[in-house]
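This report refers to the structure that appears directly beneath it.
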Amino acid sequence: MQHTDRRDFLKLAGMAGVTFTAGLFPGRQAMAQAADFHFVQFSDTHWGYSGPANPDAEHTLEKAVATVNGLPKPPDFIVFTGDLTHTTDDGKERRERMKRFKEIVSALTVKDVRFMAGEHDASLDKGEAFKEFFGATHYTFDHKGVHFIVLDNVSDPAAKLGDEQLAWLAADLKQRKTDDRIVVLTHRPLFDLKPDWDWTTADGAKAIELLMPYQNVVVFYGHIHQENHHMMGHIAHHAAKSLIFPLPAPGSQPKRTPLPYDAAMPGLGTRDVAMADKVSFVELPVTKG
């Protein structure tokens, strides 16, 4: 994405913020090989939520879809990094929520859409319903010279990737060169951001250890309902805003409860990620009205 396109995003979204930029592909050779493209990240849509933290919850996802459909330059693809639906103990209701979610996002004009599970979607039935509607919970894909790895740290109620998935990750990485461009997509953070708030992955350190030998890695995740930027060595970890309600900054209050609704600044949005020699992104708030 060119700089003029990013200004268009800011104008479209009515933002007063700035574009965050972090080096991803620092080498000149990598820069020459990496194709310029961008994708949109949705996270934590929690379809089916009802409560004071978002009195417009029934329509927020539809507005976000309309916002992305209105971008001046359509993204190459779209990813949903988990918690597509709000948790329910009723298996039938869980499937109804997934069905309705899928109907709403079918209005996206970009049809290359990738889905990931969150614990609200998958932890109560180990991903059974999610797989019925959206397919595998961990997988890889490649786009214009970048290798994407989707990890599942939610189907296990213990918030683990598990030995089997870690072995799968190790086998996939063995096929990569150390200077390959790699993007990891996951729901929970892979590091210990706030373990007592469930903002961690029990065996995430093992995944990071496997990724460390690779020079050009970035991680995008959701779960914490806010922007957060964290470095582990040369690996950048970026959390996305939610589309349902914001949560407090790590440890800023005693409990992990939603922040009070503020119509003027709801703290909701999607993210547009531009990729070339650097990864740049802007947060797009949900369109009002």
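Sorting 150-163, 227-240 by their mean Cβ neighbour count within 10 Å, with the most densely packed peptide first, gives 150-163, 227-240. Using a Cα-Cα cut-off of under 18 Å, which lysines could be cross-linked to Lys174, ignoring same-chain neighbours fewer than 8 residues away? Filter leaves Lys206.
Considering only protein heavy atoms, with the full assembly of protein chains and a 1.4 angstrom probe, order Trp168, Trp197 by accessible area, largest first.
Numbers: Trp168 75, Trp197 10 Å².
Ranked from most to least accessible, the order is Trp168, Trp197.
When the residues Asp272, Asp36 are ordered by accessible surface, computed with a 1.4 Å probe over the protein chains alone, the sequence from largest down reads Asp36, Asp272.
Cross-link pairs exceeding 19 Å between alpha carbons, from the set Lys126/Lys194; Lys194/Lys255; Lys102/Lys160; Lys111/Lys144; Lys126/Lys160; Lys194/Lys241: Lys126/Lys194; Lys102/Lys160.
When Arg176, Arg188 are compared by accessible area at a 1.4 angstrom probe, the order from most to least is Arg176, Arg188. Distances between placed amide hydrogens fall under 5 Å for Val184 paired with Ile149, Val218, Val219, Phe220, all partners being 5 or more residues away or on another chain. Per-residue 3J(HN,Hα) values for the stretch 231-240, derived from phi via the Karplus relation 6.51 cos²θ - 1.76 cosθ + 1.60 with θ = phi - 60°, read 10, 10, x, 9, 9, 8, 10, 10, 8, 10 Hz in sequence order (x marks Gly and Pro).
With the Cα gyration tensor of the stretch 101-181 giving a ≥ b ≥ c as the square roots of its eigenvalues, does the rule (a/c under 1.5 for rounded; else a/b larger than b/c for prolate; else oblate) give rounded, prolate or oblate?
oblate
Rounded to the nearest whole Hz, the Karplus-based 3J(HN,Hα) values (6.51 cos²θ - 1.76 cosθ + 1.60, θ = phi - 60°) of the stretch 139-150 follow the sequence 5, 10, 8, 10, 8, 6, x, 10, 9, 9, 10, 9, with x at glycine and proline.
Judged by the ratio a/c of the largest to the smallest principal axis of the C-alpha gyration tensor, the stretch 103-144 counts as oblate, that ratio being 1.5 or greater while a/b is no larger than b/c.
The values are calculated or read from the model by the stated rules, or taken from the named source; none is laboratory data. In this text, all values refer to a predicted model and were calculated from it rather than measured experimentally. We place every Cβ from the backbone using ideal geometry, glycine too, and count neighbours over all the protein chains shown. Note: areas computed on protein heavy atoms with side chains; ligands, DNA, RNA excluded. Shrake-Rupley method; radii C 1.70, N 1.55, O 1.52, S 1.80 Å.
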